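Quick notes on the structure that follows.
Taken together, the values in this text are just the output of simple stated rules run on the coordinates, not laboratory data. Since the structure is predicted, the reported quantities are computational estimates derived from the model, not experimental observations. Cβ atoms come from the backbone with ideal geometry, glycine included; neighbour counts cover every protein chain shown.
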Amino acid sequence: MTNKQQMRKGFPIVIWLPAVLGVVTAFISWWAIENYIELKVSERPRLPPLPVEELHVVVPRQTLTPGDTLSLDLLAARSLPAKALPDDVFFAEQVEELMGHVVTSEVRQGKPIQRLHLMAESTLVLRERIRSGYTAFTLPLVAEWTHGHSVQPGDTFDFYAVQSRGWEKLLSNIQLMDFVPQPSAAERAMGIQQRATHGIFEVPITAYAQLYTLQQQRLLVPVIQSIHSQGSPDRLALPKVTEIIHPDGVSAYSEEERR
């Protein structure tokens with residue numbers, strides 16, 4: 001028998017049958033082991049996972065930068081794990097509270113907006129801050145009565161009228177309410193400084209006309225009160241001035257305290 005005839009007959013069964021049986025046996029063994037492992041793993045005690053509590057909070061649609069003013073088109077709601085949220089976030093139902101607020105620090109897109117990121121524009125108009133029976137009176141901030149711009153809102157003053165023989169007290173315990181102009185919240189957020197030029201006092205409305213007239217004549221002087229003061233005098237006397245004429249025609253002045 002030639003080699004070609006032997007190849008046509010193929011491999012004898014005694015050669016390939018054991019190989020096939022070995023592959024089948026290996027597959028069955030692998031399948032049995034896998035099932036055994038899965039069975040043992042499933043028999044282990046398992047704790048049920050706790051549900052993750054999520055809250056809907058307000059986030060920016062895009063990264064916010066200092067000076068941006070919040071509006072609805074810049075905001076969105078996002079569900080985030082409650083445990084990962086700071087205490088000062090805004091929930092979705094609080095979005096109206098954010099309108100008009102100015103961002104003071106960068107807030108990344110999708111990150112929750114916090115109260116520490118914001119600055120509110122003052123919405124309280126001046127007339128709502130003034131007590132009944134009073135009105136606002138404005139004076140320019142000059143170094144003489146502000147002592148080099150060192151006074152602050154909340155300081156109290158006595159108002160004196162300058163007269164020929166002394167200063168007469170007109171009003172006492174007049175509070176400096178605020179300085180103007182005030183920088184906007186956006187300007188404050190961006191660090192823009194704007195120097196105030198005037199101070200606003202709260203004065204009795206009945207005294208306004210007199211104060212205005214004296215101010216126009218430059219005869220009104222605010223004098224700051226001390227917290228240790230027991231009350232300011234009703235009149236501040238000026239020293240008595242006597243003119244002395246010398247023979248050579250040169251004039252001189254001497255002062256003596258008015259008693």
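General remarks:
- The Cα atoms of the stretch 126-241 give a gyration tensor whose axes a ≥ b ≥ c have a/c of 1.5 or more with a/b greater than b/c, which makes the shape prolate.
- Near residue 141: Cβ cut-off under 14 Å, other residues only, Lys/Arg at +1 and Asp/Glu at -1. The net charge is -2.
- Residues whose placed amide H lies under 5 Å from that of residue 75, excluding near-sequence neighbours: 61
- Here the stretch 154-169 and the stretch 40-118 have alpha carbon centers that stand 56 Å from each other.
- Under Karplus coefficients 6.51, -1.76 and 1.60, residue-wise ³J(HN,Hα) of the stretch 66-73 in Hz, glycine/proline x: x, x, 5, 9, 6, 9, 4, 6
- Additional length obtainable on full extension of the chain from residue 145 to residue 26, 0.36 nm per residue less Cα span: 32.6 nm
- Cα-based shape type of the stretch 54-119, given that a ≥ b ≥ c are square roots of the gyration tensor eigenvalues and the cut on a/c is 1.5: prolate
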